[in-house]
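Report on the following structure.
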Amino acid sequence: MTYREGAEKYYDLFGAKADGPFYIGLAKEHGGKALELGVGTARLAIQLAREGIETWGIDNSPHMLRAADANLAKELVEVRERIHLELADVRDFSLGEGFGLVYFPSFSFDHLLERADQLKALEAIRAHVAPDGVYAFDLAHVPELRADSSWFVQRKPIDERNTVVRTGHHSTDPERRLMTINLWYEHYFDGRMTERYFEGGEVYVHTPDGIWGLLTESGFKVEDWYGGHEEQEFSDESAMMVVVARPV
Ligand SMILES: C[S@@+](CC[C@H](N)C(=O)[O-])C[C@H]1O[C@@H](n2cnc3c(N)ncnc32)[C@H](O)[C@@H]1O
């Protein structure tokens, strides 16, 4: 995905998730200092900071970070002061300190398509986990990846006069384990389209074995492996993998 200019406008409208309590619980359990990778609009970082957690966030999209700044401006000063944002790439960053929780939410590790990039990111991540800390992330789980494609349409009213319609198309290449995602956003004011924005790209669809192998090769040991953010048991039918790992 590109997250170029415009992506930040619609992310929060379609990006609601119930992952906050999971990452807040882990941050509190591991010393109350957290680092979010691919922090985006700070949707989740703000939830942690409201709970008193000092939260750092990195992202390589200046547009998403600009939206994060705008969201932070609506928060109380003490919440704002607990959040520290930096423009940086997860494959090559150095904040010079360790965190009790490093987390990569919203399936974002799948944005790294090449194994070399995945390993580089895990090396940088490992260097930022404090001695008793953990690295946690979630990813889609697709039990059987088939060559298929599908369309969907979602409509989100902003207020009485403004509505955004998102039309999406997914197609899958099982051999390369890549999914291509195309998203068209249309903004309607009183029923007339006033703006159109396209966002697209590829994501890598990981397998549980593949993730296990990447973590082991990068010096992590899996501590917990759930099927959802409410710590559901993971099974073949789970729609996601939620993983907590420790450096060994
Ligand atoms: C799906 S969004 C998740 C945003 C936020 N973490 C959330 O949960 O709402 C993925 C984010 O990862 C960022 N991103 C993608 N590749 C990245 C990379 N290589 N380094 C840093 N950030 C990256 C994107 O710019 C985007 O903001």
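The values are calculated or read from the model by the stated rules, or taken from the named source; none is laboratory data. The shown structure was predicted, so the numbers you read here are calculated from the model rather than taken from an experiment. FYI the Cβ positions are ideal-geometry reconstructions off the backbone, even for glycines, and counts take in every protein chain you see.
Name the single residue, out of those in the stretch 3-41 being more than 8 Å from the ligand (Cβ to nearest atom), within 14 Å of the chain's Cα centre (by Cα) and not in a helix (DSSP H, G or I), that is nearest to residue 62 (Cα to Cα).
Among them, the one singled out is 35.
If you check 200, 228, which single one turns out to be surrounded by 14 or more Cβ atoms within 10 Å (Cβ to Cβ), within 19 Å of the chain's Cα centre (by Cα) and not in a helix (DSSP H, G or I)?
228
Of all residues in the stretch 43-71, count the ones that are in a loop (DSSP other than H, G, I, E, B) and more than 8 Å from the ligand (Cβ to nearest atom).
The qualifying residues number 3.
Would you point out the residue of the stretch 90-106, among those that are exposed (fewer than 15 other Cβ atoms within 10 Å of the Cβ) and in contact (Cβ under 8 Å) with a residue 24 or more places away in the chain, that is nearest to the chain's Cα centre (by Cα)?
Restricting to residues being exposed (fewer than 15 other Cβ atoms within 10 Å of the Cβ) and in contact (Cβ under 8 Å) with a residue 24 or more places away in the chain, the top hit is 92.
Give the residue, chosen from 108, 149, that is out of contact with any Lys or Arg (no Cβ under 7 Å at 6 or more places or on another chain), farther than 25 Å from residue 47 by Cα and among the hydroxyl-bearing types (Ser, Thr, Tyr).
149
May I ask you to verify whether residue 83 is surrounded by 21 or more Cβ atoms within 10 Å (Cβ to Cβ) and over 17 Å from residue 125 (Cα atoms)?
Spelling it out, residue 83 is indeed surrounded by 21 or more Cβ atoms within 10 Å (Cβ to Cβ) and over 17 Å from residue 125 (Cα atoms).
Please work out if residue 214 is assigned by TED's automatic domain parsing to the domain that holds residue 123 and touching a residue at least 12 places away in the same chain (Cβ under 8 Å).
For residue 214, the condition - assigned by TED's automatic domain parsing to the domain that holds residue 123 and touching a residue at least 12 places away in the same chain (Cβ under 8 Å) - is met.
Of the residues that sit in the stretch 103-130 and are closer than 22 Å to residue 239 by Cα and outside any helix (DSSP H, G or I), which one is farthest from the ligand (Cβ to nearest atom)?
Step one: filter the stretch 103-130 for residues closer than 22 Å to residue 239 by Cα, giving 103-113, 118.
This time we only want the ones that are outside any helix (DSSP H, G or I), so: 103-107, 112-113.
Working: 103: 9, 104: 8, 105: 4, 106: 3, 107: 7, 112: 6, 113: 10 Å.
Result: 113.
Which residue pairs have Cβ atoms closer than 9 Å, lie 6 or more positions apart in sequence or on different chains, and pair a first residue in the stretch 107-119 that is in contact (Cβ under 8 Å) with a residue 60 or more places away in the chain with a second residue that is charged (D, E, K, R) and near the ligand (Cβ under 9 Å from one of its atoms)?
Pairs that qualify, where the first residue is in contact (Cβ under 8 Å) with a residue 60 or more places away in the chain and the partner is charged (D, E, K, R) and near the ligand (Cβ under 9 Å from one of its atoms), are 112/91; 118/91.
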